[in-house]
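To start, the structure itself, in structure tokens.
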Amino acid sequence: MPSGGTLALGKSRCGPGHTLLVRRTVRSGQRIDYPGNMVIMGDVNPGGEVVAGGHVIVMGALKGIVHAGAEGDEGAVVIAFDLRPTQLRIAGYIARPPDVEDKPTRQPEIARVQDGTVIIERYQPGGERRFLNSGNTTKEEEQDG
């Protein structure tokens, strides 16, 4: 893709359960649209934008704009090694960074919707099963309360 512009991959090339692997950095002025999940092996620089119908995982620094669950999936999550976006959206919910910039956590973080609010917390390996399943709860969790 050229230095600026939009890469939009339509539904004819994938389904909602498919995942796009992007093996480069998304630079300022670039935008990637995909109706499924997206994994970026690189950074999303300020001014760069990624939009996915499902989950977004950034194996690098996320400093641009991200929209997971763009087709209304409130169960979508955003995971990044360095989560500092200029704007973060999940389905119809929008979050922006705090006015006072905190020190980088140096730990991967996950953003998700809980009780109508976008929350960001430290990513716990193994804990993603709670968020990445197609349903919100499993039968075991329902029985346990």
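The values are calculated or read from the model by the stated rules, or taken from the named source; none is laboratory data. These figures come from a predicted structure and were not determined experimentally. All Cβ positions, glycine included, derive from the backbone under ideal geometry; neighbour counts span all protein chains shown. To get the accessible areas, we keep the full protein, side chains included, count just its heavy atoms, and leave off ligands, DNA and RNA. Shrake-Rupley method; radii C 1.70, N 1.55, O 1.52, S 1.80 Å.
Computed values, structure above
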quantity	calculated
Per-region count, segment 32-48, residues part of a loop (DSSP other than H, G, I, E, B), within 17 Å of residue 88 (Cβ to Cβ) and open to solvent by 10 Å² or more (accessible area, probe 1.4 Å)	4
Matching residues in segment 49-61 - criterion: being out of contact with any Phe, Trp or Tyr (no Cβ under 6 Å at 6 or more places or on another chain), open to solvent by less than 30 Å² (accessible area, probe 1.4 Å), closer than 23 Å to residue 116 by Cα and assigned to a strand (DSSP E or B)	50, 51, 56
Out of 112, 89, sole residue that is open to solvent by 60 Å² or more (accessible area, probe 1.4 Å) and at pLDDT 95 or above	89
Any hit, segment 43-55, residues being in contact with a helix residue (DSSP H, G or I) (Cβ under 8 Å, 6 or more places away or on another chain) and either more than 22 Å from residue 120 (Cβ to Cβ) or at pLDDT 95 or above (or both)	yes
Flag for residue 40 being out of contact with any Gly (no Cβ under 9 Å at 6 or more places or on another chain) and closer than 20 Å to residue 112 by Cβ	no
Selection status of residue 143, modelled with pLDDT under 65 and either more than 16 Å from the chain's Cα centre (by Cα) or open to solvent by 50 Å² or more (accessible area, probe 1.4 Å) (or both)	yes
